[in-house]
1. Could you tell me whether GLU444 is within 16 Å of ligand 2 (Cβ to nearest atom), modelled with pLDDT of 95 or more and of a type outside the set (A, V, I, L, M, F, W, C)?
2. Being more than 21 Å from SER417 (Cβ to Cβ) and either within 16 Å of ligand 1 (Cβ to nearest atom) or not in a helix (DSSP H, G or I) (or both) is the filter here, so list the residues in region 334-347 that pass it.
3. Considering only region 92-102, I want to know if a residue exists there that is within 16 Å of ligand 1 (Cβ to nearest atom) and surrounded by 23 or more Cβ atoms within 10 Å (Cβ to Cβ).
4. Looking at TYR315, TYR247, TYR266, TYR271 in this structure, which one is assigned to a loop (DSSP other than H, G, I, E, B), closer than 21 Å to ASP38 by Cα and of a type in the set (Phe, Trp, Tyr)?
5. Against the definition (within 12 Å of the chain's Cα centre (by Cα), open to solvent by 10 Å² or more (accessible area, probe 1.4 Å) and under 24 Å from ASN480 (Cα atoms)), how does PHE42 come out, yes or no?
6. Of the numbered conditions (1) open to solvent by less than 70 Å² (accessible area, probe 1.4 Å); (2) within 27 Å of GLU292 (Cβ to Cβ), ASP209 satisfies every one except a single condition; which is it?
7. Tally the residues that are over 19 Å from TYR464 (Cβ atoms), part of a loop (DSSP other than H, G, I, E, B) and of a type in the set (S, T, N, Q), restricting the search to region 482-526.
8. Tell me yes or no: at least one residue of region 199-213 is without any contact (Cβ under 8 Å) to a residue 60 or more places away in the chain and assigned by TED's automatic domain parsing to the domain that holds LEU343.
Amino acid sequence: MKDSILAMTGLALLTASGCKPAAEQKPQRPNILFIMTDDHSFQTLSAYDNRFIQTPYLDRIASEGVIFSNSFVANSICAPSRAVMLTGKHSHANGQRTNHDVFDGSQQTFPKLMQQAGYQTALIGKWHLKSDPTGFDYWSILPGQGHYYNPDFIEMGTTKRYEGYVTDLTTDFSIDWLNNMWEKDKPFCLLVHHKAMHRVWMPDLPDLDEFKDASFPIPETFYDDYQGRKAATLQRMSIHHDMDLVYDLKMADPKGDIQTPLGRYYRTGEYARMTPEQREAWDAHYLPIIEEFKAAALSGDALSEWKYQRYMRDYLACTRSLDNNVGRLLEHLEKMGLLDNTLIVYTSDQGFYMGEHGWFDKRFMYEESVRTPLLMRLPKGYARRGEVSQMVQNIDYAPTFLDIAGLEVPKDMHGRSLVALMDNEQPENWRDAIYYHYYEHPDEHMVNRHFGIRNGRYKLIRFYYEVDAWEFFDLEADPNEMNNLFGSAGYQGEIQRMKDELRRIIVQYNDELALGVFDGKITVTN
Ligand code: SGN
Ligand code: CA
């Protein structure tokens, strides 16, 4: 990850010195284009990591702007992450602890505040918060998780099915909004929130072949035995055990020889939505793979590794469409002459496992899922370029959008504006640790509840509920988090300091449940 960030920083510095952006006047009320994807890992965005795929259009945002190399989420799961971003508050304060909660849309959010201040606000794509969007002049959302093929969109309350691929359609509708619905005398705040790359990773037809014959290195931690990490032993997000051959990997053989627990959801769900023409092209790709797979009769490690490769190919093919569509949107903005006065943000609702620890999915406070990509192309006059290494978190987005629009950041928001960082300043007292709390258990993937703190070197996690356990990692010595040092004699001083820090940050954010668990006053059980 480091190499590519540094290489790009060098490139960006040249650009920066060539055009002297610091001398330019900043727009008073820049437009905001907030692009977010679902489950996009930083491992598969080449500005961060170019081992698997080149993503030139996303990289363009970074090379013309900034790349945050220490960007984290507050609760690594979809609806909670979205609520954190809208409110600038941790989950306990905005009420959206799990995907099952219904978002309280009557509370303060950045779109509402921007709308009140004269911005025209719009939301297109995935929403997932159950209640109808509030604070948007226009919205057109996917119901729930949405579908890849021929998806329904709910446009201001009216549901309609559209033929096509979801990433293309989300982009088409966004371009259409800019062309035909944006009232050009107002600044806009447009949220383009994609379904891709969420499970079950269904690529667009033209992208099916790109990774067909590609083979990826098996991650170092693929065969992790989870020693010393009890919650990790209990998860149900393993490629070997939990990734479904039919549902996730499309091995829906016409004879029905391959029977799997989730297979029927694929056959009656995404696959059934396709038009006959789409299905024909789809089958032309997958049927030979299915035949080959059946003939190979794999088992054990060979089967796990085959699943990993298939997973990567489909996931990356979805990423291709996403990158192309981000490119299309950027080019459209450029054609409209909007690049100078628009803040363009790219992020994901959380990170994702690409086989590390043998996993897919997210949820844990471990690095692959607590981190998330964050790239920004800045309006003119903002001088920073290249890597920003300060620790930032998705609680910061709402304050940033308000601040750059010249609006006051409400005191009750937990996050902090990133605008000073865009201005090339090195703000004093920048946070040196982030706080995390995950709640969705018992549930799909069976990741135990936990909260914790991470600074530049160490991570301390407290699992509670079914598993009552601490984990402590030295990220410098053990970046893959394989070695839980909680009981280790050599680290007792550091562990105590981190515990003190954790308690302090829990109090700072007023997370009563975590404080009760920490102090031994609350025992949460089934
Ligand atoms: C669905 C997925 C899970 C995923 C959650 C949360 N199962 O339930 O694999 O962890 O969403 O994802 S699926 O069978 O419906 O694909 S999130 O990004 O929306 O939080
Ligand atoms: Ca997600």
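The values are calculated or read from the model by the stated rules, or taken from the named source; none is laboratory data. Only a predicted model underlies this, so the values are computations on that prediction, with no experimental measurement involved. Quick reminder, even Gly has a Cβ in these numbers, built from the backbone with ideal geometry, and neighbours come from all protein chains shown. For the accessible areas, the whole protein counts, side chains as well, though only heavy atoms, and no ligand, DNA or RNA atoms are used. Shrake-Rupley method; radii C 1.70, N 1.55, O 1.52, S 1.80 Å.
1. In short, yes.
2. MET336, GLY337, LEU338
3. Yes: one or more hits.
4. TYR247
5. Yes, satisfied.
6. Only one criterion is unmet by ASP209, namely (1).
7. Of the residues in that region, 2 qualify.
8. There is no residue in region 199-213 that is without any contact (Cβ under 8 Å) to a residue 60 or more places away in the chain and assigned by TED's automatic domain parsing to the domain that holds LEU343.
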